[in-house]
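Colleague: After the structure tokens below, expect a handful of questions from me.
The values are calculated or read from the model by the stated rules, or taken from the named source; none is laboratory data. Remember, it's a predicted structure, so these values are computed and weren't measured experimentally. Here Cβ is always computed from backbone atoms with ideal geometry, including for glycine, and neighbour counts include all displayed protein chains. When the accessible area is computed, the model is the full protein with side chains, heavy atoms only, and any ligands, DNA or RNA have been set aside. Shrake-Rupley method; radii C 1.70, N 1.55, O 1.52, S 1.80 Å.
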Amino acid sequence: MEFSHTSVLLKETISNLKIKPDGIYVDGTLGGAGHASCVCERLSAMGRFIGIDQDEAAIAAAGKRLEPFGDQVTIIRSNYCNMVPELAKLGICGVDGILLDLGVSSYQLDNAERGFTYREDVPLDMRMDQRAALSAYDVVNSYSEEELFRILHEYGEERFAGRIAKNICKDRMNAPIRTTGELIDIIRRSIPAKIRATGGHPAKRTFQAIRIEVNQELTVLEESLDGMIDLLNDGGRLCVITFHSLEDRLVKNIFRKNEHPCTCPPEFPVCVCGKKSKGTVVTRKPILPGDEEMTANPRSKSAKLRVFERKV
């Protein structure tokens, strides 16, 4: 299957990166290089681009798409949480812009073999990096009922997390739960019929939760953003596109903390903690896709772009 993905909030992201022709830019979620190619088109011969992705198929597709830009482009197969040490290997300690698009690619969703979809009966997987040890199969078949409840409740905000976790543990006592179809059957049985009749697919929240757990998405994001802000040169910008409330809330709070890090009590006349602002939150409210984009690409509907500008 050919790697394909429609870049979300493309114009808005490129505009907010404030690209300097001779700057250094990093895409930590390279994907099919939709955003990346637009960045590279705006660089002069003195500019440089580094693309990072943990998905082998994305690396191959992006490499082909970015071939015309030659030596200006460096592509690294890794998780974006390793951005700082990976750039250090290249002798880079400061950059002018960083982009993260946290959505699951269309390729990953539509390629049934990857096990992200709840629309086909395929083996449970959901690994963004096929080299990773933990898969959805492992989560579903080895996590305790309490652990399953926690991730479904926290990461999926699933109303019936308790029932689903209990029924997963009950069913797997007879035989391992091997496919998405088997898991969906359990989810359907766990949710009252009148609730299933409303809203979207009943498995959507559970699949989101398991995917987040398998790839440690929130942990990686939370542990990476401060380091990325520190990596920015003066005036450099970090643009992050999120697709669900947990990610968006995390990004908003970390951006806010980096803008106003002071931990002194409000009644203190002057700051004594010594923590200095690292910059400014450019987006007081997130940038959302317009009606035209949402019509052309329904998967963009939940996208939100937040931007932080470094001040040294």
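Colleague: Heavy-atom accessible area per residue, segment 88-229, 1.4 Å probe: how many Å²?
Modeller: Ligands and nucleic acids excluded, the figure is 47 Å² per residue.
Colleague: Right, next: So if a site counts as exposed when it's one of the trypsin sites (Lys or Arg not before Pro), its DSSP state isn't H, G, I, E or B, and it has at most 10 other Cβ atoms within 10 Å, what's the longest stretch of the chain without one?
Modeller: In the chain, the maximal stretch lacking such sites is 132-275.
Colleague: Using +1 on the beta carbon of Lys and Arg, -1 on that of Asp and Glu, and nothing else charged, what's the dipole of the chain about the Cα centre, debye to 20?
Modeller: 880
Colleague: So what are the ³J(HN,Hα) numbers for segment 234-244, from phi and the Karplus equation (6.51, -1.76, 1.60; θ = phi - 60°), rounded to whole Hz, Gly and Pro as x?
Modeller: Taking θ as phi minus 60°, the curve returns 4, x, x, 10, 10, 10, 10, 9, 10, 10, 8 Hz for segment 234-244.
Colleague: Could you pull out which residues in segment 197-233 have an amide N less than 19 Å from a spot 7 Å beyond the Cα of V281, following the Cα-Cβ vector?
Modeller: 221-230
Colleague: Sticking with this one: How do M294, M173, M128 stack up against each other in accessible area, from largest to smallest, with a 1.4 angstrom probe?
Modeller: Working: M294 45, M173 160, M128 25 Å².
Final ranking, largest accessible area leading: M173, M294, M128.
Colleague: Additional query: Apply 1/(1 + (r/R0)^6) to the Cβ-Cβ distance of K89 and R159, taking R0 = 41 Å, and write down the FRET efficiency to the nearest 0.05.
Modeller: With R0 = 41 Å, the Cβ-Cβ based efficiency is 0.35.
Colleague: Taking every DSSP beta bridge with both residues inside the chain, roughly what % is antiparallel (nearest 5)?
Modeller: Taking every DSSP beta bridge with both residues in the chain, the antiparallel ones total about 40 percent.
Colleague: To the nearest 20 Debye, how big is the dipole of segment 209-263 about its Cα centre, given +1 on the beta carbon of each Lys and Arg and -1 on that of each Asp and Glu?
Modeller: Once rounded to the nearest 20, the dipole reads 200 debye.
Colleague: Could you compute the FRET efficiency for R178 and A132, with r as their C-beta to C-beta distance and R0 at 22 Å, rounded to 0.05?
Modeller: Calculated transfer efficiency: 0.75.
Colleague: Each label point is 7 Å from the Cα along the Cα-to-Cβ direction; what then is the distance between the points at E120 and D291, in nm?
Modeller: The two pseudo-label positions are separated by 3.5 nm.
Colleague: For segment 25-125, give the share of DSSP beta bridges that are antiparallel, in percent and rounded to the nearest 5; count only bridges with both residues there.
Modeller: 0
Colleague: Next up: Give me the extension gain from H260 to K18: residue separation times 0.36 nm, minus the current Cα-Cα distance, reported in nm with one decimal.
Modeller: Value of the extension gain: 84.8 nm.
Colleague: Follow-up question, since we're still on this one. What's the FRET efficiency of I195 with N253 using the Cβ-Cβ distance as r and R₀ = 25 Å, to the nearest 0.05?
Modeller: It comes out at approximately 0.20.
Colleague: Please state, as a whole number in µm²/s, the translational diffusion coefficient that the Stokes-Einstein equation yields for the chain at 10 °C and 1.306 mPa s, with Rh defined as the Kirkwood radius across alpha carbon pairs.
Modeller: Using the Kirkwood radius from Cα pairs, D works out to 76 µm²/s.
Colleague: Sticking with this one: Over the chain, what is the mean sequence separation of C-alpha contacts under 8 Å (at least six apart), divided by residue count, expressed as relative contact order in percent?
Modeller: Normalised by residue count, the contact order of the chain is 18 percent.
Colleague: Calculate for the chain the 222 nm mean residue ellipticity that helices alone would give, adding -39,500 (n - 2.57) per DSSP H run of length 4 or more and normalising by residue count, nearest 500 deg cm²/dmol. It would help to have the intermediate numbers written out before the result.
Modeller: Details: 14 runs with 130 residues, N = 312.
So the calculated ellipticity at 222 nm is -12000 deg cm²/dmol.
Colleague: I'd like the distance between the alpha-carbon centres of segment 163-177 and segment 10-72, rounded to an integer number of Å.
Modeller: What the calculation gives is 44 Å, centre to centre.
Colleague: Filter the GluC sites (Glu not before Pro) in segment 123-218 to those in DSSP coil with at most 15 other Cβ atoms within 10 Å of their Cβ, and list the result.
Modeller: Working: sites: E145, E146, E147, E154, E157, E158, E182, E213, E217; in loops: E157, E158.
Filter output for segment 123-218: E157.
Colleague: Further question: So, with a 1.4 angstrom probe, what is the percent of accessible area on segment 125-201 that is carbon and sulfur?
Modeller: Here it works out to 50 percent.
Colleague: Here is a further query. Of all GluC sites (Glu not before Pro) in segment 1-90, which ones are in loop regions per DSSP and have a Cβ with at most 10 other Cβ atoms within 10 Å?
Modeller: E2
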